[in-house]
Each structure stands twice: as structure tokens, then as C-alpha cells.
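K.L.:
Just passing along the structure, written as C-alpha cells.
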């Protein structure tokens, strides 16, 4: 493994490294004026990136140039983030006046969370995390190698027959019935009509699914 050329605490001009290699090709740094920003590692090592550029805002005798630089930087970031949607998050307002720009965001599920601007712009944070919770909930309902969610879910949007577990075989010109149990497909036969195939599917559910659903009904109804 190649030796890292940048480490936490290293100084490059007026920049101090807070998190080395915080993202691909970049490190999180704090400038002497207080601004925190991810900076390209190549710029740090070569000496091209030694400050946030606050010196360009400094005026002779102006003791508040650092604060002015922060305000200018925040304004630029605000224009890229406020009112915009990133994945399932909509940025409502910036909540800080120093450090990394952080925004109050509202998720599509209604929950409000605080997210750093760099996380939104990079695409690393796109929701409050409710999707992960939903997936965890589904995973927690796996019993005997079978997904209780899969047994009780409705008609798939990709279904073309209008009946769950029924597909049309163009070669046989018949309707096939099937179901999945423990990640294995169980064929329930081919039929001339979709109604016959669906009845076979219902009979299959009664035979294969019912015992499991009855056994774990408390787990299914658990909120």
C-alpha cells in the first residue's frame, strides 16, 4: 500500500488538515480564517492550494476579513443548495455561521435532518435514512429462510396477467402458475385460462404459505 503523503494535522500554507483523504482525491482542511473545505490532495502537495483565498478579500486595516470571506463562501454554497432537492432531501435553510456549511433538510418521508453541504453536493447523503430502516425491517422478518414481506406483498408492477403468480407462456399458449419459497421457484402447472392458473396459485399459497404465516403471524403484525 502506498504511503500516505497527507496526515491529520499537517499544514499546507494556511490550511490545516482535519481529515486526510476524506473523499476521492481530496482532504478536509481548515483555513486560518476558519473556513473548512475539501481540497484536492494534489493541490496541497504541490503547494497550489495554501489558503481558501480569503487574502483576496482582505483590505488594509480590515480586521473582519476572515468573517467576510466566510460570508462570501457561504453565499456561494447557499446558491447551490438552498431550495434544491438532493435525492429525497430538500434543503430548507443553513443552520450555522461558522465551520462547514450545514443545512436543515426535509426528507420525502417528512423527517427533518441536518446535513453538511458537501454531503449533499457530493451525493453521499440523499435521504434521512428511512430507506435503510425499511430494508432492515424487511430483513428482520426473514424466517426459516423465507421473507414474510415477500409472502404478503401485493401484485408486482411488472405483472402483465393481472393475477399474482400467473404468467402467460407464449410457446405453450397457456397460463403458468408458480410461487417462490425460500428463494426457490415452485411450478404449479399450466392452464388454459388465467382463472384456472390463479386458482392453482391460491391453492399453492394455502399449501405452502399458510403454515408459515400462521406460525409467525405475531411477527407479521409487529409494528
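The values are calculated or read from the model by the stated rules, or taken from the named source; none is laboratory data. Model, not experiment: these values are computed from the prediction. Neighbour counts are summed over all protein chains in view; Cβ atoms, including those assigned to glycine, are modelled from backbone coordinates with ideal geometry.
K.L.:
Looking at (1) at pLDDT 90 or above; (2) closer than 16 Å to residue 146 by Cβ, which is the one condition that is false for residue 203?
P.N.:
(2)
K.L.:
Kindly establish whether residue 98 is in contact with a helix residue (DSSP H, G or I) (Cβ under 9 Å, 6 or more places away or on another chain), modelled with pLDDT under 85 and either over 30 Å from residue 215 (Cα atoms) or part of a loop (DSSP other than H, G, I, E, B) (or both).
P.N.:
When the stated conditions are applied, residue 98 passes them.
K.L.:
Further, regarding this structure: With respect to the numbered conditions (1) modelled with pLDDT of 90 or more; (2) in a strand (DSSP E or B), which one is the sole condition not fulfilled by residue 37?
P.N.:
(1)
K.L.:
Among the candidates 43, 13, which residue alone is surrounded by fewer than 18 Cβ atoms within 10 Å (Cβ to Cβ), at pLDDT 90 or above and more than 23 Å from residue 117 (Cα to Cα)?
P.N.:
Within the list 43, 13, the selection yields 13.
K.L.:
Filter the stretch 173-223 down to the residues that are exposed (fewer than 15 other Cβ atoms within 10 Å of the Cβ) and part of a loop (DSSP other than H, G, I, E, B), then identify the one that is farthest from the chain's Cα centre (by Cα).
P.N.:
192
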